[in-house]
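Structure first, then comments.
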Amino acid sequence: MDRSGDRVLFITSGNIGDAVLTTGLLRHFVESEPQARFTIAAGPRALPLFADTPRLERLIEVHKGRRAQHWLELWRQVAGRRWSAIIDMRGSALAFLLWAQRRYVYRSIRLAPGEAPPHKVLEAARTIGRLEQPPSPMLYISATRQSHADALIGPGGPVLALAPAATWPPKTWAGERFAETALALLGPSGPLADGRALLIGGRDDGRFLEPLRAALPPSRVIDIAGLDLLTAYACLRRVRLFIGNDSGPMHLAAAAGAPTLGLFGPSDDRMYRPWGPQAAFIRATRTGGSPSDAGSMDALSVAEVVRAATELLERTQAKDAAIAAV
């Protein structure tokens with residue numbers, strides 16, 4: 001059957017982290033439907049993440065409006081097409097108002113009393129039914145973009161990526177503690193003694209990054225704050241270790257395959273920990289006995305983070321050595 005006319009509509013979150021966690025599902029359709037062309041709709045912050053998707057036909061910005069007007073506007077932009085598949089990770093009714101051969105609409109899972117919530121990657125995979133393995137998050141990047149990222153990283157020692165910002169202040173570990181951690185890991189007796197620091201953040205994250213900029217010699221800093229997210233992701237493919245708060249950059253790092261240490265306090269690591277075989281997390285001491293109880297980021301010490309980072313480095317280095325020996 002000639003399926004060259006197949007078109008897939010993928011609707012995802014405007015939140016960067018949540019959007020990244022759905023990219024494994026997009027990857028599944030890109031790889032399983034090699035003739036399909038893709039239209040991707042997301043909020044303006046997350047939409048640029050999808051710019052290099054293979055066979056991309058269109059990107060649509062979804063600007064949240066009053067009384068769900070953004071859904072009406074999106075319907076107007078896509079209603080004239082016949083879709084081979086619609087994947088709606090926002091859980092709206094839009095898919096049922098469009099012509100489609102297949103519809104996959106996200107629905108939250110009802111949990112039994114005391115049942116632990118699934119990770120968001122597992123929850124996303126359940127949207128399309130049973131899969132042998134949940135597809136891990138991954139972004140597509142062009143060769144040109146990767147070359148640009150490689151030039152930004154340049155030659156030199158191993159790279160420690162640091163992302164001290166977060167959208168919600170209670171999830172933010174102090175920038176001064178990030179600086180102390182960087183000095184311990186990059187110092188003469190640290191596991192990344194010959195390394196450099198890659199600073200990641202948005203244009204408005206200067207207050208989080210300033211302690212790192214002040215503490216580290218400029219010659220050992222690669223500052224990409226404000227760089228577009230997709231090129232930042234390409235840079236993260238080159239790093240030896242990432243440390244960051246529960247945030248969009250943390251999920252970008254894990255999706256890039258970087259050894260990723262996520263720092264958690266009040267957010268739930270059962271749903272939002274970094275996903276992947278080279279990912280780990282550490283959380284602040286909880287205030288109660290329940291796994292969902294919030295912990296203050298202030299309770300997380302530099303020594304704990306350095307120890308967790310060193311253990312992750314040792315584990316990933318041992319794995320790399322084992323693979324190289326085969």
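The values are calculated or read from the model by the stated rules, or taken from the named source; none is laboratory data. Predicted model, so just to flag it, every value in this text is computed and none were measured. Reconstructed Cβ throughout: ideal geometry from the backbone, glycine too, with neighbour counts over all protein chains shown.
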Query - Boolean, Ala116 is out of contact with any Pro (no Cβ under 9 Å at 6 or more places or on another chain) and more than 28 Å from Leu230 (Cα to Cα) - result: no
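Rundown of residues vs (1) over 22 Å from the mean Cα position of the chain (by Cα); (2) more than 19 Å from Leu21 (Cα to Cα); (3) in the same structural domain as Glu314 (by TED's automatic domain parsing), yes/no style:
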{"residue": "Ala143", "(1), (2), (3)": "no, yes, no"}
{"residue": "Gln146", "(1), (2), (3)": "no, yes, no"}
{"residue": "Ala163", "(1), (2), (3)": "no, no, yes"}
{"residue": "Pro169", "(1), (2), (3)": "no, yes, yes"}
{"residue": "Trp173", "(1), (2), (3)": "no, yes, yes"}
{"residue": "Ser189", "(1), (2), (3)": "yes, yes, yes"}
{"residue": "Gly206", "(1), (2), (3)": "no, yes, yes"}
{"residue": "Pro211", "(1), (2), (3)": "yes, yes, yes"}
{"residue": "Ala234", "(1), (2), (3)": "no, no, yes"}
Query raised in the report: Is it the case that Arg145 is closer than 22 Å to Thr53 by Cα and basic (Lys, Arg)?
Result: yes
Query - Filter result for Ile109 (part of a strand (DSSP E or B) and either in the same structural domain as Arg270 (by TED's automatic domain parsing) or not small (Gly, Ala, Ser) (or both)) - result: no
Query raised in the report: Which residues, counting only those in segment 79-106, are farther than 21 Å from Asn15 by Cβ, touching a strand residue (DSSP E or B) at 6+ places or on another chain (Cβ under 9 Å) and either among the hydrophobic types (A, V, I, L, M, F, W, C) or outside any strand (DSSP E or B) (or both)?
Result: Arg81, Arg82, Trp83, Ser84, Ala85, Phe96, Leu98, Trp99, Ala100, Gln101, Arg102
Query raised in the report: Is it true that some residue in segment 113-127 is loosely packed, with under 15 Cβ neighbours inside 10 Å, within 19 Å of the chain's Cα centre (by Cα) and in a loop (DSSP other than H, G, I, E, B)?
Result: no
Query raised in the report: Hey, any hits in segment 118-127 for a residue that's of a type in the set (Gly, Ala, Ser), in the same structural domain as Asp88 (by TED's automatic domain parsing) and in contact with a Ser or Thr (Cβ under 9 Å, 6 or more places away or on another chain)?
Result: yes
Query raised in the report: Can you find a residue in segment 28-42 that is among the acidic types (Asp, Glu) and surrounded by fewer than 19 Cβ atoms within 10 Å (Cβ to Cβ)?
Result: yes
Requested in this report: Kindly indicate which of Gly226, Gly257, Gly262 is of a type outside the set (Val, Ile, Thr), without any contact (Cβ under 8 Å) to a residue 60 or more places away in the chain and surrounded by 18 or more Cβ atoms within 10 Å (Cβ to Cβ).
Outcome: Gly262
Query raised in the report: Among Arg27, Arg55, Arg67, Arg37, which is under 23 Å from the mean Cα position of the chain (by Cα) and farther than 26 Å from Glu123 by Cβ?
Result: Arg55
Report task. Please work out if Leu9 is surrounded by fewer than 23 Cβ atoms within 10 Å (Cβ to Cβ) and in contact with a Leu (Cβ under 9 Å, 6 or more places away or on another chain). Result -> no
Query raised in the report: Name the pairs whose Cβ atoms lie under 9 Å apart, with the first residue in segment 185-198 and without any contact (Cβ under 8 Å) to a residue 60 or more places away in the chain, the second surrounded by 21 or more Cβ atoms within 10 Å (Cβ to Cβ) and of a type in the set (Val, Ile, Thr), and 6 or more positions between them or separate chains?
Result: Gly195/Val159; Arg196/Val159; Ala197/Val159; Leu198/Val159; Leu198/Val239
